[in-house]
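Rule-based calculations on the coordinates, nothing more; no lab input. Since we're looking at a predicted model, the values are computed, not measured. Virtual Cβ from ideal backbone geometry, glycine too; neighbours counted across all protein chains shown.
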Amino acid sequence: MNPKTQNKIAIGTLYGVAGLVVLILLALLGYILVSGLPQLSWHFLTAPAKAFLKGGGVGVQLYNSFYLLILAMLISFPIALGAAIYLYEYARDNWVTTTIRTAIEILSSLPSVVVGLFGFLFFVVKLRLGFSILSGAFALTFFNLPLLTRSIEDSLRTIDLSQREGGLALGLSRWETITRVILPAAVPSILTGVILSAGRVFGEAAALIYTAGQSAPALDFTDWNPFNISSPLNPMRPAETLAVHIWKINSEGIMPDAKAISSGSSAVLVLAILIFNFAARYLGKRLYKRLTSA
Amino acid sequence: MSEEILTTQDLHLYYGEKEALKGINLNFTDKGITALIGPSGCGKSTYLRTLNRMNDLIPNVTITGTIKFKGQDLYAPSADTVQIRKEIGMVFQQPNPFPFSIYDNVIYGLRIAGEKDKEKLDAVVEKSLRQAAVWDEVKDHLHESALALSGGQQQRVCIARVLAVSPEIILLDEPTSALDPVSSSQIEATLLNLRHDYTIIIVTHNLQQASRIADRTAFFMNGELIEVDQTKNIFMNPAQKQTEDYISGRFG
């Protein structure tokens, strides 16, 4: 066989494989959206769920998902940022950093149900936080931390060494170089990483079932005192998220329109994650343009 | 002969086990341009980077000997690298403007040092860019990204950025090797403008460049300083055979 035919066969195979991946993805997305989109309505997105009757919505679950996401990000982002800066900018290559990196690697491949069970035993039971948004946010932090640290570290890596030298050669300290030159330059790519990991956190179910719980008490959206049990801001209340809701109604839902609700919820989830992804790209580009020519 | 601003005595530098600089004795007088020439890997860039402690960034580097800037030991335990680098600035081989506007690039050092007075900053930007001979080309788009400029303009903005911190010594590590001939000659003209106000030390592998702009030239080979003299003498009448061989293109 001559090299030319070989080349053609190789390219053909690669196109085929890539096409297959795209096809599977489109089929999945198409199925979810086609069966889910017709269920969507303002009522569906805002109404509370009903346990036994038709016509329930996912308003509370949707809100819980966002609230939990924001809390989890507020906790995990500063830690991940600090860890990434330390690992990439300060740490020398020795057994301590190797150990930290290995730990991060292992943590990132931990099955999320294990993270959930750990969260249940530690936060819910041991620390007596109960099934609560806070327990869920901590569990999600454990789930999210390794990925976010890796992604921020990768963002820092994309900034050329010459930028660091440039900063130092101007008489900036190392810290000033990092905070005033490197981080601003890395913001767009850090932001992209944060939003993408937000998408993963948003769709996470297994880590939340035993930590944030599977019940969604009705919320009073006029009560913003975080100490009231029906307040949306109360971090100590149990909070079923959208992803957990899908899992629950599929396994034990007894409302007559369970299938429709599950399809609708799936579509909402997928749409939200799609929006996250596109927003990440758009914002990353916009921000880079603004920062680089402000 | 004006006073010596920077002195190096018996400077050795090791990358791990490998000795990259083998006892360099070299002094610089105030103002003027000194060129460091020599074949690739001869240690000229390594030497340059010891002068403002940029080699600190590289792990496993050991340095012995003394470098004194105005009588102060740069490698004394109490030496403040941040202060040193404010007084001994550096321009690199690849233009490395920060991904911000031209204006922000130039005032970066000052702004971080806490200067807020807009008028003063504006004045510094104009003065530095004029000194770096790039003002006329960029004055109408100071607030656009420095990354949009040509390589030669970027490099002059980088020079302006160093000037804005008002250093005494400017180190340049092959500043034109990544640039086209026109940009290179603009940089050379810039340096000739600056030679009365600053002590300039430039590493170059372009011999014509050294002969065009340098007052003094130092020839390095295999980690040793072979010869240093007035540029004219190095090129017309070198004392060492190795220098003559290198200058006349017999190797390197």
Students often forget the sequence filter, so: which lysines lie under 22 Å Cα-Cα from B:K22 once same-chain residues fewer than 8 apart are removed? B:K44, B:K68, B:K241
Treating the angle as unsigned and between 0 and 90°, give the value, to the nearest 10°, between the Cα long axis of helix B:102-112 and the longest Cα principal axis of chain B. 80 degrees
Nearest 500 deg cm²/dmol is fine: what mean residue ellipticity at 222 nm does the protein assembly as shown get from its DSSP H runs of n ≥ 4 alone, each adding -39,500 (n - 2.57), divided by its residue count? -16500 deg cm²/dmol
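What ratio of Cα Rg to 2.2 N^0.38 Å holds for segment B:4-247?
Working it through for segment B:4-247, the quotient is 1.01.
What FRET efficiency comes out for B:L57 versus B:N206 if R0 is 22 angstrom and r is the Cβ-Cβ distance? Round to the nearest 0.05. Spell out each step's value before the answer.
Working: r = 26 Å, r/R0 = 1.19.
Approximately 0.25, to the nearest 0.05.
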Within 10 Å, at most 16 other Cβ atoms, and a DSSP state outside H, G, I, E, B define an exposed site. Report the longest part of chain A free of exposed chymotrypsin sites (Phe, Trp or Tyr not before Pro). A:53-220
Rounded to 10°, Cα long-axis angle of helix B:151-164 versus longest principal axis of chain B: 90 degrees
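Taking K and R as +1 and D and E as -1, what net charge do the other residues with C-beta under 11 Å from the C-beta of A:F143 add up to? Can you show the working numbers first?
Values: positive: A:R200; negative: A:E204.
In short, 0.
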DSSP bridge pairs, the protein assembly as shown: antiparallel proportion in percent, nearest 5: 60 percent
Under DSSP H, which helices of chain A have Cα atoms covering 18 Å or more of the helix axis and a Kyte-Doolittle average no less than 1.6? A:59-85
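For segment B:1-42, which GluC sites (Glu not before Pro) are in a loop by DSSP, counting at most 13 other Cβ atoms within 10 Å? Walk me through the intermediate numbers first.
Values: sites: B:E3, B:E4, B:E17, B:E19; in loops: B:E3, B:E17.
Sites meeting the loop and neighbour criteria: B:E3, B:E17.
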Assuming a strict under-20 Å limit between Cα atoms, what lysine pair count do you get for segment A:40-293 once near-sequence pairs (fewer than 8 apart, same chain) are dropped? 5
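Once the other residues with Cβ under 12 Å from the Cβ of A:L233 are scored (Lys, Arg +1; Asp, Glu -1), what is the net sum? It would help to have the intermediate numbers written out before the result.
Details: positive: A:R237; negative: A:D220, A:D223.
Summing Lys/Arg as +1 and Asp/Glu as -1 gives -1.
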Long-range amide H partners of B:F220 with built H, under 5 Å: B:I37, B:G38, B:I226
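With a/c under 1.5 counting as rounded, go ahead and sort chain A into rounded, prolate or oblate using the C-alpha gyration tensor (a ≥ b ≥ c being the square roots of the eigenvalues; past the cut-off, prolate if a/b is larger than b/c, else oblate). Walk me through the numbers before you get to the answer.
Numbers: a/c = 1.94, a/b = 1.30, b/c = 1.49.
It is oblate, given that a/c is not under 1.5 and a/b is not larger than b/c.
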In whole Hz and in residue order, list the ³J(HN,Hα) couplings for segment B:56-73 that follow from phi through the Karplus curve 6.51 cos²θ - 1.76 cosθ + 1.60, θ = phi - 60°; x for Gly and Pro. 4, 6, 8, x, 6, 9, 10, 10, 10, x, 10, 10, 10, 10, 6, x, 8, 6
Angle, helix B:181-194 long axis vs. longest principal axis of chain B, Cα atoms, 0 to 90°, nearest 10? 90 degrees
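Estimate the FRET efficiency between A:R281 and B:S78 by the formula 1/(1 + (r/R0)^6), using the beta-carbon distance for r and 51 Å for R0, to the nearest 0.05. Show your work: numbers first, answer last.
On the way: r = 50 Å, r/R0 = 0.97.
After rounding to 0.05, the efficiency reads 0.55.
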Rounded to one decimal in nm, the spacing of the 7 Å Cα→Cβ label points at A:A51 and A:R200 is 3.6 nm
If you bin the C-alpha pair distances of segment A:67-166 every 10 Å from 0, what whole percents do you get? 15, 39, 30, 12, 3, 0
Using a Gaussian network model of chain A with C-alpha springs under 10 Å, which one of A:L129, A:L53, A:L233 is most mobile by mean-square fluctuation? A:L53
If you average the C-alpha positions of segment B:120-186 and of segment B:76-116 separately, how far apart do those two centres end up, in angstrom? 13 Å
Return the Cα extents of the protein assembly as shown along principal axes one, two and three, sorted largest first, each rounded to a whole Å. 101, 69, 51
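Mind checking the mean number of beta-carbon atoms from other chains within 10 Å of the Cβ atoms in B:93-100? Each step should come with its number before you reach the end.
Details: counts 1, 4, 2, 9, 4, 12, 11, 8.
Neighbouring Cβ atoms belonging to other protein chains average 6 per residue here.
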